[in-house]
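These notes are about the structure you will find just below.
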Amino acid sequence: MKLKKILSAALAMSMLTTVGLTGCGSSDSSTASGGSAGGSGGEAQNITVWAPEEVSSLTQEKLDAWLASSEWNGKYKITVSAMGEGDAATQMLTDVEAGADVFGFAQDQLARLVAAGALSAPGGVFLDNVSNNNDAGSVGAATLDGKVYAYPETSDNGFFLYYDKSVVSDPSTLDGILNDCANAGKKFYMDIQSGWYNVAFFFATGAQCYYNYDTEGNVTDAVCDYNSEKGLKALKAMEAMAENPGFSQSTGADAALFDPNGGTAGAIVSGTWDSATIQGLLGDNFGAAKLPTFTVDGETFQMSGFGGFKLVGVKPQTDSDKLTFCHAVADYITGEEMQLARFDANGWGPSNKNAQNSDKVKADAALSALADQLQYCPGQGQYPNAYWDLTKAFGTDINSGKYKNASDDDLYKGLAELEDAIKAAK
């Protein structure tokens, strides 16, 4: 959507919607539904945008060109500073007022940023753009308690299957992958000592595990039903995989194990960050696909996992015109043009549906595999540190053989202990 069209629609919306404004640091984030450009004259006001170092120059270049052709040219100027998503969230939570006006962050920080009063929620045409132009997973990641607080920027953080086509003939089933790897003297590498990866089994069978937060950043409850028939099936599948000669626990650097000169990987579970390395090692034998299905007691399940997304937030402002401009900036840098530019320059996977459907994005094997996988994955919420320690210990027990040949009663006992500990980790 062109900027003038945005402004016209935003102005019309502003006649119907009251814009709430708060000062920085308030626990009640402001909402921007748009407004007209213009206002008092004088020296151009500067707004600061935080973007990761690898895209900061691109972001500055594109924003300069965008601003030069806009109705805000001469009223505002934009300074882009390099700041990674993790550091940006930490800085905003430490001192909202000193933070950037527009900033990127990972979706698992949303509840904390809302609680800190660091986010002005999009409204009007900006909200329409978020809701209509992005995939459902990324919109869900930007939503807390039914309200959208941020702008989706990527839909590319999750895990899927990489495989060597000379080893794995059919990547659709876990048993097939394990058998092919074992027969070739290779391994299927996956990290089941991480609560980020082992949910691939629990979520596949329909089990749930997540924490609810209020807008003050407090855990309201922990939902977990691992101590159930669903959890039992997931544990049985992981235990069977751990005992299979074709399986190995992840080394943390599995991509290098595809090295044709002595590498031991036939298939691994990883994400887009390993795509270039694996393609370089495997060449024509490079394969990427959604995660496989697994079968337990005659029932087949599609492996699941977490979906991860990058978001862009707008800091609340006391100046309504500046607030509208900041939302217009966030709207632009998360729109189709910018998402495709970041894909071209850095391989970032778009959340924008038009960008996802472009020929060049669809031609990316890793992103296509991830897109196939994400339809089976909920977005990753916020989890306390104890969750990661507990699930790591549980996965370690599986790999160590604690549950080898265990009865259902013993498996249920282990699941009950895990579930109780997860629920207590608030």
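Okay, residues lined up against (1) surrounded by fewer than 16 Cβ atoms within 10 Å (Cβ to Cβ); (2) modelled with pLDDT under 95; (3) over 21 Å from the mean Cα position of the chain (by Cα):
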site	(1), (2), (3)
D64	yes, no, yes
A68	yes, no, yes
W72	no, yes, yes
K75	no, no, yes
G99	no, no, yes
F103	no, no, no
A106	no, yes, no
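Taking the criterion of being part of a loop (DSSP other than H, G, I, E, B) and within 30 Å of N285 (Cα to Cα), the residues of segment 147-164 that qualify are T154, S155, D156, G158, F159. The set of residues from segment 276-292 being assigned to a strand (DSSP E or B) and farther than 12 Å from Q373 by Cβ comprises F286, G287.
Among the conditions (1) assigned to a loop (DSSP other than H, G, I, E, B); (2) in contact (Cβ under 8 Å) with a residue 60 or more places away in the chain; (3) acidic (D, E), the only one that D170 does not satisfy is (2). Find all pairs meeting these conditions: Cβ atoms under 8 angstrom apart; at least six residues apart or on different chains; first residue within segment 248-265 and farther than 13 Å from Y163 by Cα; second residue assigned to a loop (DSSP other than H, G, I, E, B) and open to solvent by 40 Å² or more (accessible area, probe 1.4 Å). Close Cβ pairs satisfying both conditions: S248/T264; Q249/Q193; S250/Q193. Selection of segment 108-130 for residues being of a type in the set (S, T, N, Q) and more than 16 Å from the chain's Cα centre (by Cα) yields S120, N129. Within segment 362-383, residues that are more than 26 Å from V219 (Cα to Cα) have Cβ atoms under 7 Å from residues that are modelled with pLDDT of 90 or more and open to solvent by 50 Å² or more (accessible area, probe 1.4 Å) in these pairs: S368/K362; A369/K290; A371/Q356; D372/K290; Q373/K290, counting only partners at least 6 apart in sequence or on another chain.
Just for segment 114-172: of the residues that are touching a Leu at 6+ places or on another chain (Cβ under 6 Å) and aromatic (F, W, Y), which one is least open to solvent (accessible area, probe 1.4 Å)? Step by step, filter segment 114-172, then rank; the result is F160.
The rows are residues; the columns are (1) out of contact with any helix residue (DSSP H, G or I) (no Cβ under 9 Å at 6 or more places or on another chain); (2) modelled with pLDDT of 95 or more; (3) of a type in the set (V, I, T).
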residue	(1), (2), (3)
V125	no, yes, yes
S131	no, yes, no
L144	no, no, no
Y149	no, yes, no
G158	no, no, no
S169	no, yes, no
I177	yes, yes, yes
C181	yes, yes, no
D191	no, yes, no
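The combined condition, being among the small types (G, A, S) and either in contact with a Phe, Trp or Tyr (Cβ under 9 Å, 6 or more places away or on another chain) or at pLDDT 95 or above (or both), is not fulfilled by A386. Determine the pairs where a residue that is on the phi < 0 side of the Ramachandran plot and in contact (Cβ under 8 Å) with a residue 60 or more places away in the chain, located within segment 409-421, has a partner that is open to solvent by 30 Å² or more (accessible area, probe 1.4 Å) and not in a helix (DSSP H, G or I) with Cβ atoms under 6 Å apart, the partner being 6 or more residues away or on another chain. Here the result reads L415/N227; A416/N227; E419/N227, each pair linking segment 409-421 to a residue that is open to solvent by 30 Å² or more (accessible area, probe 1.4 Å) and not in a helix (DSSP H, G or I). On inspection, A121 fails the criterion of being touching a strand residue (DSSP E or B) at 6+ places or on another chain (Cβ under 6 Å) and free of Cβ contacts under 8 Å to residues at least 40 places away in the same chain. Cβ separations smaller than 6 Å between residues 6+ apart or across chains give the following pairs from segment 52-79 residues that are free of Cβ contacts under 8 Å to residues at least 40 places away in the same chain to residues that are open to solvent by less than 20 Å² (accessible area, probe 1.4 Å) and in a helix (DSSP H, G or I): N73/L67. Would you point out the residue of segment 369-398, among those that are under 30 Å from N357 (Cα atoms) and of a type in the set (A, V, I, L, M), that is farthest from the chain's Cα centre (by Cα)? The extreme case among them is A369. Against the condition over 30 Å from L63 (Cα atoms) and open to solvent by 40 Å² or more (accessible area, probe 1.4 Å), how does Y387 come out, does it pass? When the stated conditions are applied, Y387 does not pass them.
Only residues that are of a type in the set (S, T, Y), out of contact with any Leu (no Cβ under 8 Å at 6 or more places or on another chain) and assigned to a helix (DSSP H, G or I) were counted across segment 367-413, and they come to 4.
For segment 77-117, filtering for residues that are of a type in the set (S, T, Y) and within 11 Å of K315 (Cα to Cα) leaves 0.
The values are calculated or read from the model by the stated rules, or taken from the named source; none is laboratory data. Quantities reported herein were computed from a predicted structural model and do not represent experimental measurements. In this analysis, Cβ positions are derived from the backbone assuming ideal geometry, glycine residues included, and neighbour counts consider all displayed protein chains. The accessibility values were calculated without ligands, DNA or RNA, using every heavy atom of the protein model including side chains. Shrake-Rupley method; radii C 1.70, N 1.55, O 1.52, S 1.80 Å.
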